[in-house]
Protein chains: 2
Amino acid sequence: MAEPAEPGRAPLRRDAELNRRRLLAAAREVFRDRGLAATLDDVARHAGLGVGTAYRHFANKEELVDAVFEDMIDRVEACAREAVADPDPWHGLAASLEKVCELQAHDRGLREVMLGTGKAAQRRALVDRRIKPLVDPLIDRAKEQGALRADVEPLDLPMIQLMVGAVTDQTGEPDLWRRYLRILLDGMRTRPDGTEPLPPGPKSHPL
Amino acid sequence: MAEPAEPGRAPLRRDAELNRRRLLAAAREVFRDRGLAATLDDVARHAGLGVGTAYRHFANKEELVDAVFEDMIDRVEACAREAVADPDPWHGLAASLEKVCELQAHDRGLREVMLGTGKAAQRRALVDRRIKPLVDPLIDRAKEQGALRADVEPLDLPMIQLMVGAVTDQTGEPDLWRRYLRILLDGMRTRPDGTEPLPPGPKSHPL
DNA sequence: TGGCAAACGGAGATGCTATCTCCGCTTCTC
DNA sequence: GAGAAGCGGAGATAGCATCTCCGTTTGCCA
């Protein structure tokens, strides 16, 4: 009567269902450590299964990436919500960026989804649609508070992520990003001594 | 008697010498526009020559990249020297970064050499060895001047370039980098209201 | 428990792309 | 004008990722 697996799919044999989960778990690890360029063969081996099995469950790699990516969206959104709840807008904004950057720093696959081109860009757009409504008001509040310089725009935030992600990608140092995020945050705070206005921001969506 | 071409190489037939130059010029353009991933075949076609000719002049792509890269070093160093001559240390430092970032922004091949891994990293190290002695004193002077925050380190500069390069790479917008370089520079200036100290910098050379 | 459908495994077919070679033909040079 | 130097570009070679096929194993239910 009950459906142990997702609905809309004919129920799998017990071993098949187990293997499906194994594949998803393996994919999460492999994508996290080696990025989206990993092959389905890699994932299958890491799950202790044959390639054929992988291809029975997922028609191709994209499908598997999509499946894994569901998780990522939730984790990213959770970060944003948590940070948005902060009563101090500036602190909330900074914390929000820090959270997301931290997620990215530990997960190469996530970085590639958040910063990449092609399919990755479409996925990233999906996150944006869920995150933007949460974070945009935070930006306004931080400006009213006088902490965030007035010429910062919402689209600057993904660019910050991009830059910070590049640091981790290139160096492999797991915590170095914190230093440069701090510099960027300090650069976005209003200064008592004023600043020249920022050069123009992204024309449309930057990624 | 005179050697019209570089010394140390048996003189080439006139047409061969011309083709060699054509190849170098084509390589500069192709690498600039399409990055180092372009093939020797691409370069040859762009030069209006056959692949065979390309391989007679350069044993492989690496050799060609090295040849083209000589130019790049000189241009980058020229930037640095020009900016170092600035009497105002902070302004000189900022201008120096801006110059290099501008070069990078117009040249995908240069970006890949400056920011890439593998062979590219070794080449980039070569630039560093020539640039660092010029720029390091500038950092010290800018700190003494009180404009640059004291916890900035020399190795932060290549990281800035990295981040700024990532902006251009991802967006393709040719001037967007200016905005984020400005934010980074503002983040590196000392603030009248003080700042928390920066998280630790790169352990060794970051790239 | 027997038997059959479902699922598995993994070698290898397929397709793609980049690197580099080879040799008949062309162009310079003396 | 003859011999050497250089050219062109088809195609050999190699590497790699995707996905298929089918003989074998496993779970399921009567």
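The values are calculated or read from the model by the stated rules, or taken from the named source; none is laboratory data. Predicted model only: the values in this text are computed from it and were never measured. Glycine gets a Cβ as well: all are built from the backbone with ideal geometry, and neighbour counts include every protein chain shown. Ligands, DNA and RNA are excluded from the accessible area calculation, which covers all protein heavy atoms including side chains. Shrake-Rupley method; radii C 1.70, N 1.55, O 1.52, S 1.80 Å.
Scan region B:131-144 and tell me whether some residue there is modelled with pLDDT of 90 or more, closer than 22 Å to A:Arg191 by Cα, more than 7 Å from chain A (Cβ to nearest Cβ) and surrounded by 21 or more Cβ atoms within 10 Å (Cβ to Cβ).
Yes, because at least one residue in region B:131-144 is modelled with pLDDT of 90 or more, closer than 22 Å to A:Arg191 by Cα, more than 7 Å from chain A (Cβ to nearest Cβ) and surrounded by 21 or more Cβ atoms within 10 Å (Cβ to Cβ).
Quick check on this structure: which one of A:Val164, A:Val100 is within 16 Å of the chain's Cα centre (by Cα), buried (at least 22 other Cβ atoms within 10 Å of the Cβ) and more than 12 Å from chain B (Cβ to nearest Cβ)?
The match here is A:Val100.
How do the pairs read when you match residues in region A:167-181 that are over 19 Å from B:Gly187 (Cβ atoms) with residues anywhere that are buried (at least 21 other Cβ atoms within 10 Å of the Cβ) and of a type in the set (Asp, Glu), using Cβ under 9 Å and keeping only pairs 6 or more apart or on different chains?
A:Asp169/A:Glu112
Can you list residue pairs whose Cβ atoms sit under 8 Å apart, with the first residue in region A:194-207 being more than 7 Å from every other protein chain (Cβ to nearest Cβ) and the second being modelled with pLDDT of 85 or more and part of a loop (DSSP other than H, G, I, E, B)? Count only pairs 6 or more apart in sequence or on different chains.
A:Pro197/A:Asp151; A:His205/A:Leu155
Using the structure shown, decide if A:Ala25 is of a type in the set (Gly, Ala, Ser), exposed (fewer than 15 other Cβ atoms within 10 Å of the Cβ), in a helix (DSSP H, G or I) and at pLDDT 95 or above.
It is true that A:Ala25 is of a type in the set (Gly, Ala, Ser), exposed (fewer than 15 other Cβ atoms within 10 Å of the Cβ), in a helix (DSSP H, G or I) and at pLDDT 95 or above.
Which members of region B:47-65 meet the condition of being more than 6 Å from DNA strand D (Cβ to nearest atom) and assigned to a loop (DSSP other than H, G, I, E, B)?
Hits for region B:47-65 are B:Ala47, B:Gly48, B:Phe58, B:Ala59, B:Asn60.
Does B:Asp156 meet the test of being more than 19 Å from B:Ala37 (Cα to Cα), at pLDDT 95 or above and open to solvent by less than 10 Å² (accessible area, probe 1.4 Å)? Break it down stepwise before answering.
Numbers: more than 19 Å from B:Ala37 (Cα to Cα): yes; at pLDDT 95 or above: yes; open to solvent by less than 10 Å² (accessible area, probe 1.4 Å): yes.
Taking the combined requirement at face value, the residue satisfies it.
One line per residue, one yes/no per condition, for (1) at positive phi; (2) surrounded by 13 or more Cβ atoms within 10 Å (Cβ to Cβ); (3) modelled with pLDDT under 95; (4) more than 16 Å from DNA strand C (Cβ to nearest atom):
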position	(1), (2), (3), (4)
A:Val51	no, yes, no, no
A:Phe58	no, yes, no, no
A:Lys61	no, yes, yes, no
A:Asp74	no, no, yes, yes
A:Pro87	no, no, no, yes
A:Gln122	no, no, yes, yes
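Considering only residues that are under 20 Å from the mean Cα position of the chain (by Cα) and open to solvent by 30 Å² or more (accessible area, probe 1.4 Å), look in region A:175-193 and name the one that is farthest from the other protein chains (Cβ to nearest Cβ). Spell out how you get there, then give the answer.
Keep residues of region A:175-193 that are under 20 Å from the mean Cα position of the chain (by Cα), which gives A:175-182, A:184-185.
From what's left, open to solvent by 30 Å² or more (accessible area, probe 1.4 Å): A:175, A:178, A:182.
On the way: A:Asp175: 7, A:Arg178: 4, A:Arg182: 6 Å.
Within region A:175-193, the match that is farthest from the other protein chains (Cβ to nearest Cβ) is A:Asp175.
On the basis of being open to solvent by less than 40 Å² (accessible area, probe 1.4 Å), within 16 Å of DNA strand D (Cβ to nearest atom) and either of a type in the set (Ser, Thr, Tyr) or at pLDDT 95 or above (or both), does B:Ala38 make the cut? It would help to see each step written out before you state the result.
Values: open to solvent by less than 40 Å² (accessible area, probe 1.4 Å): yes; within 16 Å of DNA strand D (Cβ to nearest atom): yes; either of a type in the set (Ser, Thr, Tyr) or at pLDDT 95 or above (or both): yes.
Judged against the criteria, B:Ala38 is a match.
Kindly indicate whether A:Val43 is within 21 Å of A:Ala120 (Cβ to Cβ), touching a residue at least 24 places away in the same chain (Cβ under 8 Å) and out of contact with any Asp or Glu (no Cβ under 8 Å at 6 or more places or on another chain).
No: the conditions fail for A:Val43.
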